[in-house]
Amino acid sequence: MPRPKKPRRLVADGRVYLWTLRHSHRVLDGGRSADCRGTLTLYPQPAGTGGPLRIVFAEGPGRYMGGFPMGSGDVGYVRGASLNLHEPGAVRALLDAASARGWQPGERRAVEVDGWPLLEAAAAARDHRPL
């Protein structure tokens, strides 16, 4: 089932964000895809109070990205941590991990970070967060 393209709402530490998840890739001759990227973008609200945070997961050795046979939002290490980026709890854990590494929600410019260094901390936090 395809996910909606409409931004979703997340409240974290009293601040509101809208977030989207997008997948992109190049199509090679013969129809195969290459350079797959999943981009989770969080937009601080209200608009104009901070630039977007883009957390990018690019394909690479030992990593997997959503798609057949996994779910569309799944990212992870072949032998390690994983998250489903369609789950608000996973998005919150990545936001917290990015903040712990210095991202500030009031920053006026767009910031793009590599999601892979955040994944293990976010997955561990997600596993230990009370329901």
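Every read-out reported here was derived from the displayed coordinates using simple, explicitly stated rules and does not represent laboratory data. Here the structure is a predicted model, which means the values were calculated and not measured. Positions of Cβ are backbone-derived with ideal geometry, glycine not excepted, and every protein chain shown enters the neighbour counts.
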Roughly speaking, what is the stretch gain from Leu18 to Glu87, that is 0.36 nm per residue apart minus the C-alpha to C-alpha distance, in nm to one decimal? 23.5 nm
If the chain between Thr49 and Glu120 were fully stretched, how many nm would it gain, using 0.36 nm times the residue separation less the Cα-Cα distance? 22.7 nm
Highest average packing first - 75-85, 115-125, Cβ atoms within 10 Å: 115-125, 75-85
